[in-house]
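Colleague: I'd like to ask some things about the structure below.
The values are calculated or read from the model by the stated rules, or taken from the named source; none is laboratory data. A quick note: this is a predicted structure, and the numbers were derived from the prediction, not measured. Ideal geometry is used to build each Cβ from the backbone, glycine not excepted, and the neighbour counts take in all protein chains shown. Remember, those area values only see protein heavy atoms, side chains included, never the ligands or the DNA or RNA. Shrake-Rupley method; radii C 1.70, N 1.55, O 1.52, S 1.80 Å.
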Amino acid sequence: MSSHSSQPIDSEGGRSHKTAASATALAIDDIMPSAVPTLKVMRLQAPQLGQPSAGALLSSTHLLSSILLLPDSFGVIHVGETFSAYLGVLNASADLSVRGLTVSSQLQTPSRRIVLPSRLDNTPCDIDASGGVDAIVSRRLEEVGPHILRVEVGYISNGSKSLRKFYRFNVTAPLKITETVTRSGDATCLVSITVENVMEKQSAEGGALAISSVGFEATTGLISEKICLEENGSESGQLSAVQLYDSCAYCGRLEPGECYRYLFSVKAESEVAALRGIACGDDLGQAVLTYHKAMGELGKIYSSVVVCPPTSFLNQGNGASDNITNSKFVVHRSGLSVDVAAASAERSLSGQRNNQGSLDETLPVTVEPIDPPSSMKLSVPETVSLLIVNHSSKPMNLQIQMRLSDMTGVVVCGPSFVNLGAVPPSGGSCTIDVRLVALVAGLFAVQGCYIVDMSSGMELQQPALFDIFVKPPDNEEEEKKSMDVIDF
């Protein structure tokens with residue numbers, strides 16, 4: 001019986017043999033012949049509308065045409081649309097295969113480069129003779145300007161090789177969005193969104209589009225609500241054909257050069273946010289619109305970030321009339337105390353003690369109405385509550401004055417000077433009631449309010465408190481009563 005002696009195995013030597021074998025296999029793969037792949041790229045898009053010939057019943061201004069044309073290029077692309085492209089890699093050889101194929105694609109925008117994922121992003125693959133692979137890449141376009149689709153194909157043939165192709169196209173904006181913001185309270189803003197079709201009228205699509213939805217995505221802590229006119233249907237509750245067409249037109253079919261305006265109310269959602277208010281410079285959110293082009297192409301476009309504007313107070317240091325802005329909206333002038341408080345908090349965080357340009361230094365005490373009326377009857381006194389806030393870092397012994405010399409149309413009825421006493425610093429407040437009476441019918445700004453520090457003699461002129469409409473008498477009897485002398 002023979003015995004065999006065992007010998008120890010060198011593990012390091014075993015690994016070196018395996019590494020050498022792998023390197024040999026790769027070297028053999030590198031020198032093996034491989035076919036050269038062929039890359040085909042095509043944008044996936046709807047056909048274009050053909051222009052009617054001379055004498056045809058349809059004109060170029062119609063949204064639809066009876067003639068469809070296949071696109072011969074990347075065509076017109078607008079912001080908000082989803083750009084989709086078909087990538088095809090073919091092996092034109094009837095004998096050889098394409099080995100170690102890799103495909104990658106990127107979309108270069110004016111500001112960045114974005115990787116477009118596809119099903120060919122996995123491990124390298126081989127293409128048999130006369131075979132091929134394909135994939136679809138897509139991306140929603142968000143920027144205006146030149147874009148480049150970069151496609152790179154790699155394969156192994158006597159080493160690693162690659163081929164690249166670039167496809168340039170331009171992205172334009174189909175809509176022009178303009179925002180107008182008006183403050184309507186300490187924690188509410190009215191946002192007006194104007195949408196204009198800026199597409200070319202003579203384009204292949206005809207230039208017309210339809211807006212299917214309009215919304216406003218409010219910032220966290222705020223909530224938005226669209227303000228619409230009430231539309232009444234028929235008695236049966238169903239819309240007629242004419243009413244349905246009108247409602248569709250109102251929703252947003254826009255010819256080139258036409259525009260629509262939408263109104264949103266943005267307000268604080270939580271109690272904490274309402275207590276803090278919406279200050280100047282706070283982000284309100286973005287408007288978002290969904291539109292469809294002539295052949296149903298869907299697009300989604302966002303406006304720029306909408307911010308809360310400053311109040312109507314202007315630091316000009318002149319008379320009361322200089323502090324009244326020519327606003328097209330008639331709302332009470334709330335929000336001033338919120339802006340002053342925000343400016344004071346920002347200055348405290350920055351460590352600045354004295355800053356003459358800061359709003360809280362210019363107006364350390366603010367006066368604002370609490371739920372003021374929007375209208376008054378002629379010669380009928382109305383009581384209005386006023387909130388006085390001390391934003392400075394020291395207590396003040398204050399007096400409020402309603403000066404008749406600076407008031408027009410609507411004047412104070414009763415005591416015009418009221419001592420408020422000591423008001424605590426850093427947001428300390430108090431409220432008082434004043435009586436106002438209208439002397440003339442019309443639209444007026446309630447102004448002439450001053451705050452006087454009884455200790456230092458400092459006078460702070462307040463901007464106009466609110467706007468109010470004075471109704472004229474409805475009949476002769478009311479007109480006669482309005483002519484009576486008012487007891488002040």
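Colleague: Hey, any hits in the range 79-94 for a residue that's assigned to a loop (DSSP other than H, G, I, E, B), within 44 Å of the chain's Cα centre (by Cα) and at pLDDT below 90?
Modeller: Just the residues of the range 79-94 that are assigned to a loop (DSSP other than H, G, I, E, B), to begin with: 79-80, 91-94.
Imposing the further condition that a residue be within 44 Å of the chain's Cα centre (by Cα) reduces the set to 79-80.
Add one more test, that the residue is at pLDDT below 90, and what stays is none.
Among the residues of the range 79-94, not one is assigned to a loop (DSSP other than H, G, I, E, B), within 44 Å of the chain's Cα centre (by Cα) and at pLDDT below 90, which makes the answer no.
Colleague: Does the range 408-441 hold any residues that are closer than 19 Å to Ala464 by Cα and open to solvent by less than 20 Å² (accessible area, probe 1.4 Å), and which are they?
Modeller: Within the range 408-441, Gly409, Val410, Val411, Val412, Cys413, Val434, Leu436, Val437, Ala438 qualify.
Colleague: Let me ask another. Failed condition for Glu271, given (1) acidic (Asp, Glu); (2) within 14 Å of Thr188 (Cα to Cα); (3) modelled with pLDDT of 80 or more; (4) open to solvent by 60 Å² or more (accessible area, probe 1.4 Å), with all others met?
Modeller: Evaluating Glu271 over (1) acidic (Asp, Glu); (2) within 14 Å of Thr188 (Cα to Cα); (3) modelled with pLDDT of 80 or more; (4) open to solvent by 60 Å² or more (accessible area, probe 1.4 Å) leaves (3) as the failure.
Colleague: Given (1) farther than 30 Å from Val470 by Cβ; (2) surrounded by 16 or more Cβ atoms within 10 Å (Cβ to Cβ); (3) aliphatic (A, V, I, L, M); (4) over 40 Å from the mean Cα position of the chain (by Cα), where does Met454 come up short, assuming only one miss?
Modeller: Tallying (1) farther than 30 Å from Val470 by Cβ; (2) surrounded by 16 or more Cβ atoms within 10 Å (Cβ to Cβ); (3) aliphatic (A, V, I, L, M); (4) over 40 Å from the mean Cα position of the chain (by Cα), Met454 fails exactly one: (2).
Colleague: Would you mind telling me which numbered condition in (1) at pLDDT below 90; (2) in contact with a strand residue (DSSP E or B) (Cβ under 6 Å, 6 or more places away or on another chain) Ser455 fails?
Modeller: Single failed check for Ser455: (1).
Colleague: Is it the case that some residue within the range 434-455 is among the charged types (D, E, K, R), farther than 20 Å from Pro372 by Cα and in contact with a Leu (Cβ under 8 Å, 6 or more places away or on another chain)?
Modeller: Among the residues of the range 434-455, at least one is among the charged types (D, E, K, R), farther than 20 Å from Pro372 by Cα and in contact with a Leu (Cβ under 8 Å, 6 or more places away or on another chain), which makes the answer yes.
Colleague: Output the number of the condition that Thr366 fails; it satisfies all remaining conditions of (1) without any contact (Cβ under 8 Å) to a residue 60 or more places away in the chain; (2) in a strand (DSSP E or B).
Modeller: Tallying (1) without any contact (Cβ under 8 Å) to a residue 60 or more places away in the chain; (2) in a strand (DSSP E or B), Thr366 fails exactly one: (1).
Colleague: Tell me which residues, restricted to the range 369-391, are surrounded by 17 or more Cβ atoms within 10 Å (Cβ to Cβ) and either on the phi > 0 side of the Ramachandran plot or not in a strand (DSSP E or B) (or both).
Modeller: Pro372, Ser379, His391
Colleague: Can you tell me which residue in the range 168-181 is farthest from Arg150 (Cα to Cα), limited to those that are crowded, with 16+ Cβ neighbours inside 10 Å and more than 14 Å from the chain's Cα centre (by Cα)?
Modeller: Pro174
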